[in-house]
Structure formats: structure tokens, C-alpha cells
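Worksheet for the structure shown next.
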Amino acid sequence: MSSAGKKVRAAIVGMGIGKPNGRAIQSNPRGEIVALCDLDENRMKGFAKELPGEVKFYTDYKKMCKDTDIDAVFVGTPNQWHVPIALEAVKNDKHVMVTKPLADSEQAAAKLVAAAEAAGVVNMMSLSTRFSGNCRYLGGLARDEYFGELYYARARSIRRSGIPAWNLGFIKKGGGAFRDMGVHALDAVWWIMGMPEPVSAVGVAGAKFGPRGLGYWDYSTPPKETYQQYAADDYAGGFIRFENGIGLQIESFWASHQPEEFQIELFGTEAGGKLNPLTLYTTKHGAAQNLSVNPPKGPSAWDNVAGHFIDCILDGVECQAPLRHGLIVQQMMEAVLKSAERGREVRLDRKKKV
């Protein structure tokens, strides 16, 4: 069946991260936002002013998922609601895209992946780092074997004072810094490395700022009744070992006495590289070479995400970021956090789990 002239009619759930994803879908000539869903109708009205056509408002995601005018659903809520909403979308034969992380737990993530794959709908992660221009450039070089054998990597996301407290889901169980920001670094570096099979993880994690009312977004001080509910990590660090011998050091801090940074560093037998600023390192004729790279300006990461999602739905393109990838990343994150809790290495026997 030809997709000429067709559009993907999408619904956006959550008016936080849903806005950049929604804008990208709407700006695509083959995408259209037809419905919004949020508990706060004023938030929906505010976003609707940016959209060219009439949109439906829903405060009940179950009712929204039954709407036959909707082809696809983007889920951009706190972690704890990703799976319930996405499951309802899949149940009603909607294509679904979920913001990172896939879920608040490995068990919930696995349940969603099984349901989405059984339903046969397009299912995709929205990953703004993996789909960014710099990350795609490094991934392309890795696939062209520019680095030779990638044998080690470091990835980190560091904030100085950036705990989000505008929704309690961020700081309650199932939230935390590693699932919020560390997931970006972990997913992106894992993808660049060629998505090797993880076999074990060891980690440390805790909350040194949030429970004291410190480290919140832009040095703000939340009410005591807010920070007393803190039940997640505000830092996590670990080491993941992969089946092919690659080692990965991963770190994530919501708050710290360190400069802010988002970085990926690659160690290869023929060359190395880092993400920010995009730099390549080689040795030629016995001399070190540091190459600054300035790729041509292209579509934004959000545009890349939306365009790929739409192409998968309308053209049958194979999805390059399915929910199954989100499940594997979730398993690595949970292994690091479990290791921190148990004080020992955690094995990832994925062949029995997936």
C-alpha cells in the first residue's frame, strides 16, 4: 500500500518532554498532532497554541487510546507511568514511542516489550542523544572501523545543581539521576560501540544532596515536604563489562561540586574520540594528531527521532531504536543500581531474561 499523501496522526502524553517531540512530529510534512493528554488542561492549552490545527484534549489516557483518529502515541510522563500508558496504546493497536528510560524497573520494561512486539506495532525509544548529529557521526565512524577495535569507553553526565522536583515522580522510587540523565550517556555510548552484549556490572549509588533539600534545579530550595519524600539516587557510577571484552565506565550526577559536563570518550586500537567538543585522536608517522570535527548543520535530534518514527510507520523502515534496545539499557542500569545496593558485582544473564 502506497504511503503517498498519508500522515501519522499522533497523540502526545505529557506536556514536558512531550513538547519538543510533538513539535518535531508536527513539523514533519508527514506528521500531525491530533490529540494531547495531560492532567493539567492549562498545560495542554498552552502547547495547543503552537499547533496549526484543532487538537483534542484528554486527561484520561485510557479514553485517549481508544480514539480511532489516533495512529500513534508518544509517552513523555514520569518513569512510573511509561509502561501503563504505552501498554494501553499497544492494546489499542497504536504505534508507540516512549521517552527514556523505558520504565521504572526491568520487569515493567520487559512486560511492555513483549506486548509491543506481540502486537506488531512500531515501537520506538525517543533518544535525543543517540539521534544527535555528533553521536551519529561517531557511530558512523565506528561502523566504518575508523577506531579499529573499540575496547574501552567512558561516559558521564554531571550536573552541579540540577535535581528536578517539579514532579515527584523524578525523586521517588523508580526515578533518580541514573534513570533520568545517565540513561542518555549509557544508551549513546552503547550504540556507538555497536551494542555489545553486557555480561556484568558493578556500581555505587546514593543520595547525598536531595534528601537534605540541596542540589535542586538552578539552586532552588523545594519545600521540606517535597525533599522529605526523596527515595532515589542523586548519583550513580559503575563499570559494565561486555561479552567481547569491552569495558565501560559510566557516571551520572544530578548534583555535585564539579563542573557540569556531558561527555563520551572512546578508546580504539587505531583511533580515539570524544563527543563534546567532537574530537578525534590518532597517531600518524609517530606524531599525535588531534582533529576537531565540525559536521555540517543538519536536522535537530528531535527532528531525526520524529522522522525515523514516521518512516517506520508509513514506509516500513526497520526501527533503529526499538523498545527492545530500551530494555537492554534498562537491564544495564538496574544491574549497576542493584550492585550498589548489594555491594557486589551483578551478572546479566540476558539469554534467560529476554
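Descriptive notes on the structure:
- Sorted largest first by accessible area at a 1.4 angstrom probe radius, with every protein chain in place, the residues Lys100, Lys111 fall in the order Lys111, Lys100.
- Hydrodynamic radius of segment 1-69 per Kirkwood, over alpha carbon pairs, in Å: 12.3
- Fraction of the pair-distance distribution of the chain above 39 Å, Cα-Cα pairs, percent: 14
- Å² of accessible area per residue within the chain, as computed with a 1.4 Å probe and no ligands counted: 46
- Partner lysines for Lys6 [C-alpha distance under 19 Å; skip if fewer than 8 residues away on the same chain]: Lys94
- The chain: DSSP helices with Cα axial extent of at least 24 Å and average Kyte-Doolittle hydropathy no lower than -1.0: 323-342
- Fully extended contour minus Cα-Cα distance, from Trp166 to Tyr152, at 0.36 nm per residue: 1.4 nm
- Among 181-189, 260-268, sorting by the average number of other beta carbon atoms lying within 10 angstrom of each residue, highest first, gives 181-189, 260-268.
- Toward the positive end of the charge dipole of the chain, with +1 on the Cβ of Lys and Arg and -1 on the Cβ of Asp and Glu, the farthest Cα among Thr279, Gly46, Ile264 is that of Gly46.
- Maximal additional length on extending the Asp144-Asp349 stretch stands at 70.8 nm, based on 0.36 nm per residue less the C-alpha distance.
- Residue ranking by accessible heavy-atom surface, 1.4 Å probe, largest first, among Ser220, Ser161, Ser292 comes out as Ser292, Ser220, Ser161.
- Debye, to nearest 20: dipole size of the chain, +1 on Lys, Arg Cβ, -1 on Asp, Glu Cβ: 420
- Cross-linked pairs Lys91/Lys173; Lys63/Lys111; Lys19/Lys100; Lys111/Lys338; Lys56/Lys172; Lys63/Lys173: Cα-Cα separations exceed 25 Å for Lys91/Lys173; Lys56/Lys172; Lys63/Lys173.
- Residue among Lys338, Lys284, Lys19 with the largest mean-square fluctuation in a Gaussian network model of the chain, springs linking Cα atoms under 10 Å: Lys284
- Within the accessible area of the chain, the carbon and sulfur atoms contribute 50%, probe 1.4 Å, all protein chains present.
The values are calculated or read from the model by the stated rules, or taken from the named source; none is laboratory data. All figures in this text were calculated on a predicted structure; none of them were measured in a lab. Don't worry about glycine lacking a Cβ; one is built from the backbone with ideal geometry, like all the others, and counts go over all protein chains shown. Protein only, heavy atoms only, side chains kept; ligands, DNA and RNA dropped before computing areas. Shrake-Rupley method; radii C 1.70, N 1.55, O 1.52, S 1.80 Å.
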